[in-house]
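The values are calculated or read from the model by the stated rules, or taken from the named source; none is laboratory data. Worth saying up front: this structure is predicted, and the values here are computed from it rather than measured. Please note: Cβ atoms are built from the backbone with ideal geometry, for glycine as well, and neighbour counts cover all protein chains shown. Keep in mind that these areas ignore ligands, DNA and RNA; they rest on the heavy atoms of the full protein, side chains included. Shrake-Rupley method; radii C 1.70, N 1.55, O 1.52, S 1.80 Å.
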Amino acid sequence: MEIPSGEIRLAGERILSEFPMLEHFNRSNSKAFENIAKTVKACADYGRRHILPVALRLDEKLKDEHDYFPWELVRAALPYRLLSLIIPKIVGGQGGLAVLFSLAMEELCAYCPGVGNIIGAHALGIAPLLVCGSITYWEKILREIVCEEKKGNPVLMAAAVTEPSAGTDVEEPNFLKTARLTMSAKKVKGGYVLNGRKCFISNGSVAKYIVLCSATDKSRPLETWTTFIIQKGMDGFTVPRVEIKMGQRVCPAAELSFEDCFVPEENVLSFEGTGMQPGTLLLLAASRAPVGAIATGIARGAYEWFLRWANKSRNGVKPASRQRVQMALAEMKTRIQVSRWTYLNAAMSFDSSMGRAMSSTLLRSLGLIPDSIRTSEIYLNLFNSRLGKRVSGSILSLYAREDEITRALAFASLAKAVGGDTAMHVTSLALEQLGSDICEERLWIEKAFRDAKLTQIYEGTNQLNMLTLFAAEIGKNLRVEMGKLKERHV
């Protein structure tokens with residue numbers, strides 16, 4: 001969908017007023033900044049036209065029909081190219097990284113974080129294909145997403161890490177060593193057989209492709225944590241249930257079951273044993289800033305509805321004329337802005353390192369190869385071979401430095417925790433100030449309050465994120481080991 005240049009300029013001016021630190025984008029790379037402004041404008045247009053009119057009705061509907069999924073709302077997002085925001089340009093995507101995607105998430109989630117989380121969970125499924133250098137699946141899966149998006153057919157992805165008895169544990173190396181895992185992946189001829197369950201998987205019931213982590217030896221989970229690509233319809237893979245949710249209801253959270261599910265060798269991402277180091281840690285460095293942005297968007301939405309309430313006269317008096325309301329509005333604005341700066345700092349930290357790899361001459365040169373060759377079996381088999389995986393992993397490890405990615409992980413963990421706490425505080429404060437007043441604004445703020453709690457839980461609880469921040473930035477006993485992308489460790 002084409003956005004008029006004048007509207008992009010106005011969107012850019014608004015972004016700079018809220019995010020003055022982005023001025024360097026505007027000065028040093030006006031094209032990159034214009035792309036950011038265009039994306040934010042597209043998200044705002046989609047939110048205003050398609051999300052706002054139905055968000056409350058869908059939230060109420062899903063309270064009773066929790067397995068309903070609003071495909072029509074996802075299809076409405078396709079002209080805005082929201083499913084290809086972080087897909088590399090060499091396969092037709094938008095080529096966005098953490099800064100662009102984080103700003104998109106805030107904008108979407110100011111309207112409805114459930115809808116935003118559909119897009120966010122989809123990107124979470126895409127991210128491992130990028131950070132592990134699995135170029136074969138850029139052509140196989142990411143190209144399919146882009147092509148179908150243009151045709152009006154949504155292809156969604158998801159990431160499955162959490163297990164029934166191991167949630168937080170599977171997102172931190174030291175905890176994974178002693179995690180109570182139920183999922184297993186046994187090596188057999190030609191691939192692996194998966195047994196067990198994953199739970200609370202966003203988009204799990206609607207995704208065509210799911211990136212899943214499991215140990216191949218539960219007695220050595222850290223050393224054998226491996227990432228697989230699961231496709232809907234595989235024998236032995238079922239979705240037993242979709243959870244009844246308090247908040248973010250539009251995005252389904254599903255339980256996934258695997259009973260002797262055979263996954264071919266070619267569906268192993270990177271190498272066996274690289275699922276945690278650097279797989280999951282790289283993924284969290286990329287994804288936690290956008291989660292902080294999701295929470296910031298929730299807080300912003302609640303603030304904007306509360307401000308509307310505060311400026312309505314009651315018996316000739318506006319609540320905004322009272323000092324307690326003025327102080328509440330000022331506190332909300334302060335916390336939201338701090339949360340924005342925190343997630344943007346984390347996103348810029350990630351982009352400054354990973355961006356060098358994604359824009360490297362080596363990767364750009366692949367885009368010069370004709371599509372007919374890049375989609376051929378010879379090409380795909382080459383990059384899915386052991387040598388091909390080493391080559392694609394080397395590209396990332398060559399440009400993305402371990403110390404920079406480790407610091408990006410620390411900042412991202414900080415941003416996620418700050419954002420989640422901000423969302424809960426702002427929505428709680430808004431409800432306190434409303435008191436017993438019954439009004440339309442209350443419906444939106446109550447929804448925001450329910451939506452906010454999840455941001456303190458998913459992508460690792462806030463407590464885990466604080467431990468990650470300490471280990472990576474203060475204690476210096478956690479490091480993202482990029483070199484393992486080039487090696488096989490089992």
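Of all residues in segment 26-45, those being of a type outside the set (A, V, I, L, M, F, W, C) and modelled with pLDDT under 85 number 7. Scoring Leu62 on the criteria (1) in a loop (DSSP other than H, G, I, E, B); (2) open to solvent by less than 10 Å² (accessible area, probe 1.4 Å); (3) under 19 Å from Glu243 (Cα atoms) leaves a single failure, condition (1). Pairs are defined by a Cβ separation below 7 Å, a sequence spacing of at least 6 or placement on different chains, a first member in segment 111-139 that is at pLDDT below 95, and a second member that is charged (D, E, K, R) and assigned to a helix (DSSP H, G or I); the pairs so defined are Glu139/Arg374. When Lys189 is tested against (1) open to solvent by 10 Å² or more (accessible area, probe 1.4 Å); (2) within 18 Å of Met276 (Cα to Cα), only condition (2) is not met.
Does Gly204 fit the bill of being under 21 Å from Pro154 (Cα atoms), without any contact (Cβ under 8 Å) to a residue 40 or more places away in the chain and either surrounded by 20 or more Cβ atoms within 10 Å (Cβ to Cβ) or out of contact with any helix residue (DSSP H, G or I) (no Cβ under 8 Å at 6 or more places or on another chain) (or both)? Judged against the criteria, Gly204 is not a match. Comparison of Ala98, Ala127, Ala104 shows that the only residue that is under 13 Å from the mean Cα position of the chain (by Cα), surrounded by fewer than 24 Cβ atoms within 10 Å (Cβ to Cβ) and aliphatic (A, V, I, L, M) is Ala127. Checked against (1) open to solvent by 10 Å² or more (accessible area, probe 1.4 Å); (2) closer than 19 Å to Thr422 by Cβ, Phe306 passes all but condition (1). Scanning segment 220-271 for residues that are closer than 16 Å to Asn195 by Cβ and assigned to a loop (DSSP other than H, G, I, E, B), we see that the one that is most open to solvent (accessible area, probe 1.4 Å) is Asp235. For segment 365-385, the tally of residues that are within 16 Å of Glu266 (Cα to Cα), open to solvent by less than 70 Å² (accessible area, probe 1.4 Å) and assigned to a helix (DSSP H, G or I) stands at 4.
Among the residues in segment 341-349, are any in a helix (DSSP H, G or I), among the small types (Gly, Ala, Ser) and over 30 Å from Ser392 (Cβ atoms)? Within segment 341-349, not a single residue is in a helix (DSSP H, G or I), among the small types (Gly, Ala, Ser) and over 30 Å from Ser392 (Cβ atoms).
One residue stands out in segment 332-355 among those that are among the hydroxyl-bearing types (Ser, Thr, Tyr) and touching a residue at least 40 places away in the same chain (Cβ under 8 Å): the one that is most open to solvent (accessible area, probe 1.4 Å), namely Ser352. Among the residues of segment 74-85, are any buried (at least 20 other Cβ atoms within 10 Å of the Cβ), among the aromatic types (Phe, Trp, Tyr), closer than 23 Å to Thr455 by Cα and at pLDDT 95 or above? The answer is no; no qualifying residue exists. Looking only at segment 146-169, residues that are of a type outside the set (S, T, N, Q), in contact with a helix residue (DSSP H, G or I) (Cβ under 6 Å, 6 or more places away or on another chain) and touching a residue at least 24 places away in the same chain (Cβ under 8 Å) come to 10 in all. Residue by residue through segment 43-59, note down the ones that are surrounded by 13 or more Cβ atoms within 10 Å (Cβ to Cβ), under 23 Å from Val242 (Cβ atoms) and among the charged types (D, E, K, R). Asp59, the sole residue that qualifies. When we screen Leu281, Leu362, Leu329 for residues that are in contact with a helix residue (DSSP H, G or I) (Cβ under 9 Å, 6 or more places away or on another chain) and open to solvent by 30 Å² or more (accessible area, probe 1.4 Å), the only hit is Leu362. Restricting attention to segment 133-157, the residues that are open to solvent by less than 10 Å² (accessible area, probe 1.4 Å) and touching a strand residue (DSSP E or B) at 6+ places or on another chain (Cβ under 6 Å) add up to 2.
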